[in-house]
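The values are calculated or read from the model by the stated rules, or taken from the named source; none is laboratory data. Just so it is clear, the structure is predicted and the values come from calculations on it, not from any experiment. With ideal geometry, Cβ positions are generated from the backbone for all residues, glycine too; neighbour counts draw on all protein chains shown.
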Amino acid sequence: MAPSGSNPSQIRDSDPPAETAPDPKPLGAMDTAEKPAQSARQARPVARAVKRPAMGTAKPAARPEERVTNRVVLAMQGVTKSYPNGRVALRGVDLIIPEGDFVFLVGPSGAGKSTVIKLVIRDELATKGSVLLDGRDLGKLKRRDVPKIRRKIGIVFQDFKLLPSKSVRDNVAFALEVIGTPRREITPAVDRALRVVGLTGQADQLPSQLSGGEQQRTAIARALVHNPRLFIADEPTGNLDPLISWEIIQLLLRINEMGVTVLMATHNAEVVTAVRKRVVALEDGRIVRDQVAAAYEREG
Amino acid sequence: MIAFIAFSFRRAWQGFRRNGLMSVAATATMVLMLVLLSSLMILLTGLNATLKSVEDEVQVVAYMRDSAPQSEISDLQTSLRNMPQVTQVGYVSKDQAYNDFVTRHPDQVDVIKSLPNNPMPASLRINLRDPKDYVDVAAYLKNNPGVERVLNIKQTVDQMVTVINVLRVGGVVILLVVGLIVLFIIVNTIRLAVVSRADEIEIMRLVGASDAFIRWPFVFEGAIVGLLGALITIGLLFPITALVSPYFKVLPVEAGLAVGQNIALIVLGSGVGIGVVGSYLSVRSYLHR
């Protein structure tokens, strides 16, 4: 877990699924797009490693070194969301997630976790304030540009949402097919995603032949296959037993180490406390806590 | 673009095959509704042909004076032919009328033979474009000095026109109502087929598929359902019309093959059209959210 190699691409190389050679679109495209940020990204894990022992209550604004050195993947500023039925789900939420971060979004049911996710994937629009994903203001997005911004996101849910009639491989490939990826690029990308989640051997099975954990891995592979800027997991372990849940968390952490920013909404206190990552706690539509390397509940 | 169309067709075909039950249900509904619609259209075509032939039977009969000179009669014939309401003018001479009477009433030959001379008048028989013009043409004839009298069938013509209009309008109304019902039922079935795949659409939206990528496979799938339904319907209609057409032979009109071709085209057009429009509308409600 400790970021031993400071260059993310090195981490990828050492990883079995990396296989940098025939990699035309996804990772390559990301690298070129971020040439200027490359040095910053190299610096980042070191900065975090220094910070980690000082387990504190630092809010994003109080981490100037990260704000300066990292690209911001998600920025929510003064976001209020009220639904047509009058229910106010979020009240003045500020949340900044820099590239490479791993963030737990916790809080009781109805606190606004789902609303945050709906706003990020632009399923809903903020009533007040702004939501910026990868620098684009989602509130000002034209309708036809919504699909394009969604391609920057990979998302998994508690209920997996796999297509029962398609094999594991086809489920993963589906995410690329429907965004018009040329066929020759689909196969290598799918193979790579399946290797990351460790399902190469089950590629031709149907979801019904898989365990719950394997189904969630399939969903994760599908959410990763297009190399998203932000990986969102909405209660990914909600339907899984503790041991399998832990495997899924390990997988998400590994994906994070590969350089993917992760936002995970969860109730699973055990996991949150054990992993010691940044925790954003929502209560009644407000952020009541934003701590690095935190436990599920406030300590002390 | 070609890749996109190929993709849409591939997905449409996959969708049609993999959702077997829904595809069969939609196609079966399509067939039943198209058979209903086309049978009704065949019946109405027969009805209209019958009504037309009845209308064509309407003739204005003007009996000429025996004193009217031949030149006057042919002048009248020419001026009648120039009237826009008139399609045909026939002349029945005195001799012809006599012979007609003899052939028609062989039992009364003795009576007519006992008369000193031919009592039957010469007559003009005028076919009309539209029975409603009867009054105009009759009035024109009455003013002609050569015409003795015009056979008055005004009341009969009026009644016939009324009945024919009721039948025609009624036929069109029934066709429209049935057409609407068919449209709703088919669109609803297609909507069900789309709703049963809401998960698929949701996933497509989540992974960032553009509206076109979500919509067109479904539209093509609707076209497949429509095409298949129409072809099956046409396949069913040929034996049905073959069975029924002998009964239509009594009609003085050609209600056979030509009608069959028109119906086939209409079935094909409406099947594919409803399939496409139905899918388009059904998917649309999932996109605009």
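Here are a few things to note about the model shown:
- For residue A:144, the stated conditions hold: it is without any contact (Cβ under 8 Å) to a residue 12 or more places away in the chain, within 14 Å of chain B (Cβ to nearest Cβ) and either under 25 Å from residue B:284 (Cα atoms) or out of contact with any strand residue (DSSP E or B) (no Cβ under 9 Å at 6 or more places or on another chain) (or both).
- Flag for residue B:67 being in a loop (DSSP other than H, G, I, E, B), of a type in the set (S, T, N, Q) and either within 13 Å of another protein chain (Cβ to nearest Cβ) or under 30 Å from residue B:121 (Cβ atoms) (or both): yes
- Any hit, region A:229-236, residues being more than 16 Å from the chain's Cα centre (by Cα), more than 24 Å from residue A:167 (Cα to Cα) and in a loop (DSSP other than H, G, I, E, B): no
- Test: residue in region A:257-268 that is modelled with pLDDT of 90 or more and in a helix (DSSP H, G or I): yes
- Residues of region B:15-45 satisfying the condition of being touching a residue at least 24 places away in the same chain (Cβ under 8 Å) and within 14 Å of chain A (Cβ to nearest Cβ): B:15, B:16, B:19, B:22, B:23
- Region B:133-146 - residue that is in contact (Cβ under 8 Å) with a residue 24 or more places away in the chain and either aromatic (Phe, Trp, Tyr) or touching a Lys or Arg at 6+ places or on another chain (Cβ under 7 Å) (or both) and, of those, farthest from residue B:69 (Cα to Cα): B:134
- Residue ID - farthest from the other protein chains (Cβ to nearest Cβ), chosen from residues in region A:106-141 that are of a type in the set (Lys, Arg) and in contact with a Ser or Thr (Cβ under 9 Å, 6 or more places away or on another chain): A:128
- Members of region A:93-127 that are of a type in the set (S, T, N, Q), more than 18 Å from the chain's Cα centre (by Cα) and within 20 Å of residue A:289 (Cβ to Cβ): A:109
- Any hit, region A:151-165, residues being without any contact (Cβ under 8 Å) to a residue 24 or more places away in the chain, within 30 Å of residue B:196 (Cβ to Cβ), within 12 Å of chain B (Cβ to nearest Cβ) and not aromatic (Phe, Trp, Tyr): no
- Within region B:157-171, the residues that satisfy the criterion of being touching a residue at least 60 places away in the same chain (Cβ under 8 Å) and either surrounded by fewer than 17 Cβ atoms within 10 Å (Cβ to Cβ) or within 28 Å of residue B:218 (Cα to Cα) (or both) are B:167, B:168.
- Within region B:82-119, the set of residues being of a type in the set (Asp, Glu) and within 19 Å of residue B:66 (Cβ to Cβ) comprises B:95, B:100.
- Condition broken by residue B:9, with the remaining ones in (1) of a type in the set (Phe, Trp, Tyr); (2) assigned to a strand (DSSP E or B); (3) out of contact with any strand residue (DSSP E or B) (no Cβ under 9 Å at 6 or more places or on another chain) satisfied: (2)
- Some residue of region B:24-44 being in contact with an Asp or Glu (Cβ under 9 Å, 6 or more places away or on another chain) and under 20 Å from residue B:262 (Cβ atoms): no
- Checked against the criteria, residue B:227 counts as at pLDDT 90 or above, in contact with a Gly (Cβ under 9 Å, 6 or more places away or on another chain) and part of a helix (DSSP H, G or I).
- Enumeration of residues in region A:190-209 that are over 22 Å from the mean Cα position of the chain (by Cα) and within 14 Å of chain B (Cβ to nearest Cβ): A:206, A:207
- Within region A:269-300, considering residues that are assigned to a loop (DSSP other than H, G, I, E, B) and basic (Lys, Arg), the one modelled with the highest pLDDT: A:277
- Residue list for region A:168-189, filter: closer than 26 Å to residue A:239 by Cβ, touching a Leu at 6+ places or on another chain (Cβ under 7 Å) and within 14 Å of another protein chain (Cβ to nearest Cβ): A:171, A:172, A:174
- Qualifying residue in region B:193-200 (condition: touching a residue at least 24 places away in the same chain (Cβ under 8 Å), surrounded by 16 or more Cβ atoms within 10 Å (Cβ to Cβ) and more than 11 Å from every other protein chain (Cβ to nearest Cβ)): yes
- The set of residues from region A:67-92 being more than 19 Å from the chain's Cα centre (by Cα) and crowded, with 23+ Cβ neighbours inside 10 Å comprises A:79, A:81, A:89, A:90.
- Residues that are among the small types (Gly, Ala, Ser) and either closer than 26 Å to residue A:219 by Cβ or within 14 Å of chain A (Cβ to nearest Cβ) (or both) within region B:204-247 comprise B:208, B:209, B:210, B:212, listed in sequence order.
- Total residues in region B:107-160 satisfying the condition of being assigned to a loop (DSSP other than H, G, I, E, B) and under 23 Å from residue B:93 (Cα atoms): the figure is 16.
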